[in-house]
Number of protein chains: 2
Amino acid sequence: MKELHLRPIGVIHSPHQQAAGTPVQSSLATGISGTVEVLPEFAAGLKDLEAFDRIWLMYWFDRASPYHPTVKPYLDTVERGLFATRAPARPNPIGISAVKLLSVEGNMLTVDGMDILDGTPLLDIKPYLPAFDAVQAEKTGWCGQLQVNAVLADGRFETDSKAGSKTK
Amino acid sequence: MKELHLRPIGVIHSPHQQAAGTPVQSSLATGISGTVEVLPEFAAGLKDLEAFDRIWLMYWFDRASPYHPTVKPYLDTVERGLFATRAPARPNPIGISAVKLLSVEGNMLTVDGMDILDGTPLLDIKPYLPAFDAVQAEKTGWCGQLQVNAVLADGRFETDSKAGSKTK
């Protein structure tokens with residue numbers, strides 16, 4: 001198949017300089033804010049965005065290690081298939097985070113729930129629509145035992161946001 | 001910023017040959033199944049996936065028109081900022097769909113809720129985790145008036161899945 005090209009549309013500014021200590025999901029990063037700097041040439045596309053209170057950020061795991069078909073998730077002791085995890089070492093290392101949008105000023109967004117490493121290239125912004133994105137899922141595989149409370153207590157989880165912890 | 005490269009990891013097979021008539025979101029496509037063919041070289045990464053009953057498919061809107069900073073959503077009469085919509089004509093034309101996983105056989109997945117055009121290049125598969133992905137969002141901007149019932153009655157909505165309707 002032919003190769004596809006992406007162009008960063010901005011950069012994510014975050015207090016997280018390294019994976020150690022970085023919350024592994026936005027829902028575990030409440031109270032941690034950051035900014036999303038959109039390149040001026042794309043700022044016109046931000047019109048109407050401030051009327052949403054949650055948005056998807058899509059970004060490039062620029063510090064991920066190369067793809068490996070299995071990984072050992074942080075809270076597990078067994079190697080799992082990569083596509084059954086949210087680990088960053090993917091064939092196409094794209095992460096998604098549903099963050100809370102606090103403000104839009106020109107080409108700068110301020111968001112809460114920052115679980116992304118500082119300097120991460122931004123690929124896309126989409127509105128979060130509960131009717132489509134908040135769906136039912138009963139079976140959650142190896143994550144089934146790892147309930148949210150356990151995750152919150154531990155503060156870590158094998159997800160999108162471990163951009164470097166497993167990879168450097 | 002430097003250019004980033006993607007490689008398709010498979011292809012999506014769907015009954016939808018053209019955007020007209022294609023459900024605009026997976027949650028509006030219940031009962032419509034399709035298959036996801038993962039390239040054999042990535043099949044090992046599918047281990048453990050069948051224990052999840054919902055997955056994110058990430059794919060390339062290969063039939064989208066070039067980026068334009070504003071679009072007129074299908075159920076709206078006003079031009080909206082592109083990033084406040086899920087229209088496919090994005091700087092990086094990547095779509096996401098949370099589909100129901102019915103089976104995994106070798107490198108072939110069968111899924112329900114197919115809202116993607118036939119032949120669409122597959123970029124990634126991630127497990128859907130309600131604790132992280134099903135989050136609260138009260139303000140939904142211009143979509144606020146467009147409640148789910150209205151969408152269901154009409155059968156269309158401005159979302160990820162309109163891969164071609166606005167673009168060809």
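The values are calculated or read from the model by the stated rules, or taken from the named source; none is laboratory data. Note that the coordinates shown come from a computational prediction; the quantities given were computed from them, not determined experimentally. Glycine gets a Cβ as well: all are built from the backbone with ideal geometry, and neighbour counts include every protein chain shown.
Considering (1) assigned to a loop (DSSP other than H, G, I, E, B); (2) modelled with pLDDT under 85; (3) under 17 Å from the mean Cα position of the chain (by Cα), say which one A:Asp115 fails and leave the rest.
Answer for A:Asp115: the failing condition is (2).
For residues that are assigned to a loop (DSSP other than H, G, I, E, B) and surrounded by 21 or more Cβ atoms within 10 Å (Cβ to Cβ), scanning just segment B:15-28, find the one that is modelled with the highest pLDDT.
Per the criteria, the residue is B:His16.
Determine which member of the set B:Leu82, B:Leu101 is among the aliphatic types (A, V, I, L, M), at the interface with another protein chain (Cβ under 9 Å from one of its Cβ atoms), without any contact (Cβ under 8 Å) to a residue 24 or more places away in the chain and in contact with a strand residue (DSSP E or B) (Cβ under 7 Å, 6 or more places away or on another chain).
After applying the criteria, what remains is B:Leu82.
Assuming B:Gly144 fulfils every condition listed in (1) surrounded by fewer than 20 Cβ atoms within 10 Å (Cβ to Cβ); (2) part of a loop (DSSP other than H, G, I, E, B); (3) modelled with pLDDT under 95 apart from one, which condition is it?
Only one criterion is unmet by B:Gly144, namely (2).
Residues of segment B:20-60 being out of contact with any Asp or Glu (no Cβ under 8 Å at 6 or more places or on another chain) and among the β-branched types (Val, Ile, Thr), which ones?
Listed by number, the residues that qualify are B:Thr35, B:Val36, B:Val38, B:Ile55.
Of the residues B:Val78, B:Val111, which single one is over 30 Å from A:Leu102 (Cα atoms) and in contact with a Lys or Arg (Cβ under 8 Å, 6 or more places away or on another chain)?
Step by step, each of B:Val78, B:Val111 is checked, and only B:Val111 is over 30 Å from A:Leu102 (Cα atoms) and in contact with a Lys or Arg (Cβ under 8 Å, 6 or more places away or on another chain).
Might you check whether a residue that is more than 10 Å from chain B (Cβ to nearest Cβ) and either in contact (Cβ under 8 Å) with a residue 24 or more places away in the chain or part of a loop (DSSP other than H, G, I, E, B) (or both) occurs anywhere in segment A:120-138?
So far as segment A:120-138 goes, yes, one or more of its residues are more than 10 Å from chain B (Cβ to nearest Cβ) and either in contact (Cβ under 8 Å) with a residue 24 or more places away in the chain or part of a loop (DSSP other than H, G, I, E, B) (or both).
Condition (residue is part of a helix (DSSP H, G or I) and within 30 Å of B:Gln136 (Cβ to Cβ)) applied to segment A:65-78: is it met by at least one residue?
Looking for residues that are part of a helix (DSSP H, G or I) and within 30 Å of B:Gln136 (Cβ to Cβ), one finds none in segment A:65-78, hence no.
Considering only residues that are among the hydroxyl-bearing types (Ser, Thr, Tyr) and free of Cβ contacts under 8 Å to residues at least 60 places away in the same chain, which ones fall in segment B:38-77?
B:Tyr67, B:Thr70, B:Thr77
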